[in-house]
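Notes follow the structure.
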Amino acid sequence: MTLWQTYRPRRSKITAAALICCTAVVVSACNAGASSTPTATAAASAPEASASTAATSAAPSSGGTIVFGDLHPFTGQYASVGTHSFAGAKAAEACINDAGGLLGNKLQIATGDTVGDPADAVPALNKLLSVDNAVAIIGPGGLEIGGTQPILDAHNIPFMFEGGLSAKDNNADPLLWRDTPSDSQEGVAMALYAISKGYKTAALVFSTIQSAQDFKDPVKNPFIKAGGTIVADINLSPGQPSYRSEALRVANAHPDVIFTQMEPGTAGAFFSGMKALNNLAIPFIASDTSVGADWISAITGPVAEAHLVAVEGSSAPGPGGDAYTKCYTEANGDVQPGGNTPYAYDGVIVLALAIDLAGSTDSAKVLAALPKVSTPDPAAVKVTSYADGLAAIKAGKQIDYDGAGTPMDFNQFHNVFGPFDVVQWSTSANKFQVIQTVSASDLYKATGGG
């Protein structure tokens, strides 16, 4: 995956006009309540004791404020990530406060601007912990996790990681919980789709860039586990004018299907090589990097429609979609939500329900409660909104929150799953259309979650 993909959840796209409007909403909301980003000097000079006290305090007295931090870029080239996350967090904040708040206190979402840079992320986090006294964090993303995770661990702060890094698939940090699907799940979804089509042999055709190479194992391992065979493994150096020899190697291997991730220019040249050998009849299953106008332009719409499907994060709302839509509209008006907006919303809701169940913001108690409010259990009551979850907790019932972005079913590594859509280009509609969905439960099972 690219650096942007460490952030970019695979959901609905947002137009430039909508992004401008959404940014305006965030700025307005920040001015109205959430704290603005401090200077590095102020954040660095704040005493660390405040953060530690906030993280381990007992049940706060009612009538005050409990703060969650949103740690993301709000300026710089990745500013849309923070914009979208904050919109989701504010949606959850609105409905939590409508239901009476958190342990009788008003919930407030404060912001920490990482600028998408590990160096800037540190003072932003210190400000959230020491100035805002945040008891939980939404974020960081993949770009800042290395610099901020040690600080969060040192201060005993539960946090919802919002990056796709497959390096966190086997997470052992009790404080890290991920509310977005891992990048590796996309590869598993590609394999599961191929298996569902009855394909037995496959060729891997991937760019030599590291992010593409890292994507191979998540594709091939579940395919092989299901009885498939890899008959060719072809690496393409980007920027070459022709890949005819590589195309010939693929053709001579006679695969049932080709798994791929490559740049648009590389795709154009490779598809031309396959076409010259009359071997475009072999179907391609691509990652979500192919879901873009540049890729379609490179290989042409008719070729994409006839020979390519791609896998991307599902844009369909989860079971909690109705509640989310209501909360989102209340907090943000009619501005179109962004890709990671539902994930941030779910992250806030789950943390809040865990605090309600724990009856405290104490980290140890919250961590113990998290799997009890959002993990599959036949004895649990399914809830899809904060209000319903809170009511069930007060009634002494065990709950399982199903979210707007994912079912929020955490595995033993604190990861959640899918769903992912298989999409195909339609020349007549001039867009990708969903032809099949790989469910979150299928991914959960395929990755050992159950």
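List of remarks:
- When only alpha carbons of the chain are considered, Rg and Dmax amount to 22.6, 73 Å.
- Taking the centroid of alpha carbons for each part, segment 126-194 and segment 334-395 are 17 Å apart.
- Highest-first arrangement of 94-104, 403-413, 225-235, where packing means the average Cβ count within 10 Å: 403-413, 94-104, 225-235
- Inter-part distance where segment 278-333 and segment 405-423 are each reduced to a Cα centre, Å: 17
- Computed from label points 7 Å out along Cα-Cβ, the spacing between SER297 and ILE224 is 3.8 nm.
- Annotation: lysines with alpha-carbon distance below 28 angstrom to LYS90 (same-chain offsets under eight excluded): LYS13, LYS106, LYS127, LYS168, LYS326, LYS365, LYS372, LYS382, LYS394, LYS397.
- Calculated from backbone phi, Karplus (6.51, -1.76, 1.60) coupling profile of segment 106-123 in Hz, x at Gly/Pro: 6, 8, 10, 9, 9, 10, x, 8, 7, 6, x, 10, x, 5, 6, 5, 5, x
- Phi to ³J(HN,Hα) by Karplus 6.51 cos²θ - 1.76 cosθ + 1.60 over segment 190-197, Hz, x for Gly, Pro: 4, 5, 5, 5, 4, 5, 5, 8
- Derived scalar couplings ³J(HN,Hα) [segment 157-164; Karplus, 6.51 cos²θ - 1.76 cosθ + 1.60; whole Hz; x for Gly, Pro]: 10, x, 8, 9, 5, 10, x, x
- Built amide H within the under 5 Å cut-off of THR437, gap 5+: VAL422
- Taking amide H positions as modeled 1.01 Å from N, with prolines and chain starts lacking one, the residues under 5 Å from ASP400 and 5 or more places away or on another chain are VAL381, LYS382, VAL383.
- Counting only residues at least eight positions apart within a chain, or on another chain, the lysines with an alpha carbon under 16 Å from that of LYS220 are LYS197, LYS200.
- By average C-beta atoms within 10 angstrom, highest first, the peptides 345-352, 236-243: 345-352, 236-243
- Protection-proxy order for peptides 183-191, 131-139, 111-119, each taking the mean of Cβ atoms within 10 Å per residue, highest first: 183-191, 131-139, 111-119
- Pairs of Cα atoms nearer than 8 Å and 6+ residues apart set the relative contact order; for the chain it is 19 percent.
- Beta bridge orientation in the chain: antiparallel %, DSSP, nearest 5: 25
- In this rough spin-label picture, where each label sits 7 Å from Cα along the Cβ direction, the ASP217-THR75 distance is 3.9 nm.
- For LYS275, a cut-off of 17 angstrom between C-alpha atoms picks up these aspartates and glutamates, skipping any fewer than 8 places away in its own chain: GLU246, ASP256, GLU305.
- In the chain, helices alone account for a calculated mean residue ellipticity at 222 nm of -13500 deg cm²/dmol, with every DSSP H run of four or more residues adding -39,500 (n - 2.57).
- Computed over neighbours whose Cβ is under 10 Å from that of ILE96, the net charge equals -2, Lys and Arg +1, Asp and Glu -1.
- Modelled spin labels at SER245 and ILE151, positioned 7 Å past Cα toward Cβ, are 5.0 nm from each other.
- Just so you know, the Cα atoms of segment 178-268 work out to an Rg and Dmax of 13.4, 43 Å.
Throughout, read-outs are computed from the coordinates displayed, never taken from laboratory work. Just so you know, these numbers come straight off a predicted model, no measurement behind them. Heads up, the Cβs are rebuilt from the backbone with ideal geometry, glycines too, and the neighbour counts pull from every protein chain shown.
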